[in-house]
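Colleague: Mind looking over this structure? Questions follow.
The values are calculated or read from the model by the stated rules, or taken from the named source; none is laboratory data. Please read all numbers here as calculations on a predicted model, not as lab measurements. Positions of Cβ are generated from backbone atoms using ideal geometry, with glycine treated the same way; all protein chains shown enter the neighbour counts. All accessible areas refer to the heavy atoms of the entire protein, side chains included, with ligands and DNA or RNA removed. Shrake-Rupley method; radii C 1.70, N 1.55, O 1.52, S 1.80 Å.
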Amino acid sequence: MSRTAVRKAVIPAAGLGTRFLPVTKASPKEMLPLVDKPLIQYAVEEAVASGIEDIIIVTGRGKRAIEDHFDRSVELEENLKSAGKSQLLHQIRQISNLANFCYVRQSEALGLGHAVLCAQHLIGDEPFAVILGDEIIDAAVPALAQLIHVYKKRHGAVLGVQDVPKQDVSRYGIVTPKRLAAGLHRVQDMVEKPSPSDAPSTLAVIGRYVLPPEIFSILRKTVPGKNGEIQLTDALRELAKKSPMFAQEIKGQRHDAGDKLGFLIATVEFALKNPSLGTDFNEYLLSRTRMITNDRRK
């Protein structure tokens, strides 16, 4: 197996979804519908479009709906078949055929680094991708494919980054970059959620990674930080000291769908692009805008 072939992706999905309470009290955040598909399906489809064959989803208690979604539902398929809904039947069957799915249980929410470590036995000695499912990136070339392209050429870990407003850097992991080419940087260091005055740049890591298997041995030695969690950022900082690490500025429109406002914005944007809903939804928004404008004039 070529060490540059990225065939596997890890999608951490064991978080508690506290930013969306109370809706996530009994329902996984990853199953929130973005128009007509759950959030996690967008992540899976991006991975598959980037050449990924095996999807490893790290789950926790109360996440069974995720497994059910990517499994076959024979009863539903028979119902659609008998009703003559062939197009919908095809869409439903396609979900379970997207990739090879494996599930790993994270018994405690001990951080992103720990979630990645839970998948080690399924990754083996291969490079792999990590996708955070609440970061939805609408791009002509899939965001993950952009990183894999860099990995194959540079043979080092690649982080997906985007430029963010300086006042927002305290929400992200921020890289210390050395520019190599347009949109491509060598990562010299990283800092997690710095204050605007301490941030080394405004290039924020946005939930897309291509990592070598060497990250696992580092994660095992990483000391838990705040709240007893093993931070992936801490392990990445250590990896950057030992081998080349790159930051690729992702081309595409990013939506933080793990945030309520971000989720609403993503819903509007994807609804407008939806072939069957876009025109009518656009008309509704225009009429609503006119109504608000008229009310303000009164």
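Colleague: In the set N282, N274, which member is surrounded by fewer than 19 Cβ atoms within 10 Å (Cβ to Cβ) and free of Cβ contacts under 8 Å to residues at least 60 places away in the same chain?
Modeller: When all the criteria are applied, what remains is N282.
Colleague: Provide a single number: the residues in the stretch 194-216 that are surrounded by fewer than 16 Cβ atoms within 10 Å (Cβ to Cβ), farther than 17 Å from A157 by Cβ, touching a helix residue (DSSP H, G or I) at 6+ places or on another chain (Cβ under 9 Å) and touching a residue at least 24 places away in the same chain (Cβ under 8 Å).
Modeller: 2
Colleague: Then there is this: Only one of A199, A140 is within 21 Å of V48 (Cβ to Cβ), assigned to a loop (DSSP other than H, G, I, E, B) and not aromatic (F, W, Y); which?
Modeller: Answer to the selection: A140.
Colleague: Between a first residue in the stretch 227-242 that is free of Cβ contacts under 8 Å to residues at least 60 places away in the same chain and a second residue that is open to solvent by less than 70 Å² (accessible area, probe 1.4 Å), which pairs have beta carbons less than 7 Å apart while being 6 or more apart in sequence or on different chains?
Modeller: Listed by first residue and then by second, the contacts come to R237/D189; R237/M190; E238/I218.
Colleague: Can you find, within the stretch 143-171, the residue that is farthest from A240 (Cα to Cα) among those that are open to solvent by 20 Å² or more (accessible area, probe 1.4 Å) and in a loop (DSSP other than H, G, I, E, B)?
Modeller: Per the stated criteria, the residue is P165.
Colleague: Only one of E77, E45 is of a type in the set (D, E, K, R), open to solvent by less than 10 Å² (accessible area, probe 1.4 Å) and either at negative phi or in a loop (DSSP other than H, G, I, E, B) (or both); which?
Modeller: Of E77, E45, the one residue that is of a type in the set (D, E, K, R), open to solvent by less than 10 Å² (accessible area, probe 1.4 Å) and either at negative phi or in a loop (DSSP other than H, G, I, E, B) (or both) is E77.
Colleague: With the structure loaded, tell me whether V58 is within 26 Å of L88 (Cβ to Cβ), out of contact with any Lys or Arg (no Cβ under 6 Å at 6 or more places or on another chain) and open to solvent by less than 60 Å² (accessible area, probe 1.4 Å) or whether it fails that test.
Modeller: Taking the combined requirement at face value, the residue does not satisfy it.
Colleague: Here is a follow-up. Determine, yes or no, whether A139 is among the aliphatic types (A, V, I, L, M), open to solvent by 20 Å² or more (accessible area, probe 1.4 Å) and modelled with pLDDT of 95 or more.
Modeller: Taking the combined requirement at face value, the residue satisfies it.
Colleague: Sort out which residues of the stretch 253-262 are of a type in the set (G, A, S) and part of a helix (DSSP H, G or I), and write them in order of number.
Modeller: Result: G262, single match.
So that you can scan it fast, the table gives a plain yes or no per residue for (1) open to solvent by 60 Å² or more (accessible area, probe 1.4 Å); (2) part of a helix (DSSP H, G or I); (3) β-branched (V, I, T):
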position	(1), (2), (3)
N227	yes, yes, no
A240	no, yes, no
Q248	no, no, no
L264	yes, yes, no
F270	no, yes, no
T289	yes, yes, yes
D295	yes, yes, no
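Colleague: Let me ask something else about it. What are the pairs, 6+ residues apart or on separate chains, where a residue within the stretch 30-51 that is farther than 10 Å from L98 by Cβ has its Cβ under 9 Å from a residue that is basic (K, R) and open to solvent by less than 30 Å² (accessible area, probe 1.4 Å)?
Modeller: From residues that are farther than 10 Å from L98 by Cβ, the pairs are E30/K63; M31/K63; E46/R208.
Colleague: Also, quick follow-up: Quick test of your reading of the structure: G252 fulfils all but one of (1) open to solvent by 40 Å² or more (accessible area, probe 1.4 Å); (2) of a type outside the set (D, E); (3) at positive phi. Name the failing condition by number.
Modeller: (1)
Colleague: Please indicate, with yes or no, whether at least one residue in the stretch 85-100 is of a type outside the set (D, E, K, R), part of a loop (DSSP other than H, G, I, E, B), in contact (Cβ under 8 Å) with a residue 24 or more places away in the chain and under 26 Å from I230 (Cβ atoms).
Modeller: No.
Colleague: Given the condition among the acidic types (D, E), more than 27 Å from V158 (Cβ to Cβ), open to solvent by 10 Å² or more (accessible area, probe 1.4 Å) and touching a strand residue (DSSP E or B) at 6+ places or on another chain (Cβ under 7 Å), answer yes or no: does some residue in the stretch 62-72 qualify?
Modeller: Yes, some residue in the stretch 62-72 is among the acidic types (D, E), more than 27 Å from V158 (Cβ to Cβ), open to solvent by 10 Å² or more (accessible area, probe 1.4 Å) and touching a strand residue (DSSP E or B) at 6+ places or on another chain (Cβ under 7 Å).
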